[in-house]
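Undergrad: Following this message is one structure expressed as structure tokens.
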Amino acid sequence: MSMDDDTTIESLKRAVIAFRDERDWRPFHDVRNLAMGLSIESAELLEGFLWKSDEQIDLMLRGEEARAVRHELADVMVYLLYLSEATGIDLASAVREKIALNAVRYPIDKARGSNKKYTEL
């Protein structure tokens, strides 16, 4: 299996941590700066959709601009992986925990087809 084929959260985290450590960037990767970096990268992802209609976005995602979106998504994921490492939070466990919590907050019989927040159901 090539590195490209191994896409578990932990394998991706190992890859980005190795990249970081080869460049001696660990001293700059404190929780505060990583959280800010994650927010900034998320904003850069949003910027690509700003002022575009749904139709324009559909065309963008089928064209050459899809590469820029892919790279921004990757940047968000990289910062998320760095932040999970810095905080010691297991992302897979956190996602499973959140899904279980949301299953209680959004019971199928009340939430199906609804865009209401759980406090409104």
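Undergrad: Can you find, among Thr119, Val31, Leu101, the residue farthest towards the positive end of the dipole of the chain? Put +1 on the C-beta of Lys and Arg, -1 on that of Asp and Glu.
TA: Looking along the dipole axis, the top candidate is Thr119.
Undergrad: Would you list, by chain and number, the lysines whose Cα falls below 30 Å from the Cα of Lys116, excluding same-chain residues fewer than 8 positions away?
TA: Once the sequence-local lysines are set aside, what remains near Lys116 is Lys52, Lys98.
Undergrad: Continuing with the same structure: Taking the Cα centre as origin and putting +1 on Lys and Arg beta-carbons and -1 on Asp and Glu beta-carbons, what dipole magnitude results for the range 1-110, to the nearest 20 debye? Numbers along the way, then the final one.
TA: On the way: 14 positive and 22 negative charges, 84 e Å.
Rounded to the nearest 20 debye, it is 400 debye.
Undergrad: Viscosity 0.692 mPa s, temperature 37 °C: give me the Stokes-Einstein translational D for the chain in µm²/s, with Rh taken as the Kirkwood radius over C-alpha pairs. Please report the intermediate quantities before stating the final value.
TA: On the way: Rh = 17.2 Å.
Here the translational diffusion coefficient equals 191 µm²/s.
Undergrad: Starting with the fewest neighbours, write out Lys13, Lys116 ranked by other beta-carbon atoms found within 10 Å of each beta-carbon.
TA: Numbers: Lys13 19, Lys116 10.
Ordered by Cβ neighbours within 10 Å, fewest first: Lys116, Lys13.
Undergrad: How large is ³J(HN,Hα), in whole Hz, for each residue of the range 63-69 in order, when computed from phi with the Karplus curve 6.51 cos²θ - 1.76 cosθ + 1.60 and θ = phi - 60°, using x for Gly and Pro?
TA: x, 5, 5, 4, 4, 5, 5
Undergrad: What are the ³J(HN,Hα) values, in whole Hz, obtained from phi via the Karplus relation 6.51 cos²θ - 1.76 cosθ + 1.60 with θ = phi - 60°, for each residue of the range 112-119 in sequence order, with x given for Gly and Pro?
TA: 4, x, 10, 9, 6, 5, 4, 6
A short reminder: the numbers here are calculations on the coordinates, not readings from a lab. Note that this is a predicted model, so its numbers are computed, not measured. Note that we place each Cβ from the backbone using ideal geometry, even for glycine, and neighbour counts take in every protein chain shown.
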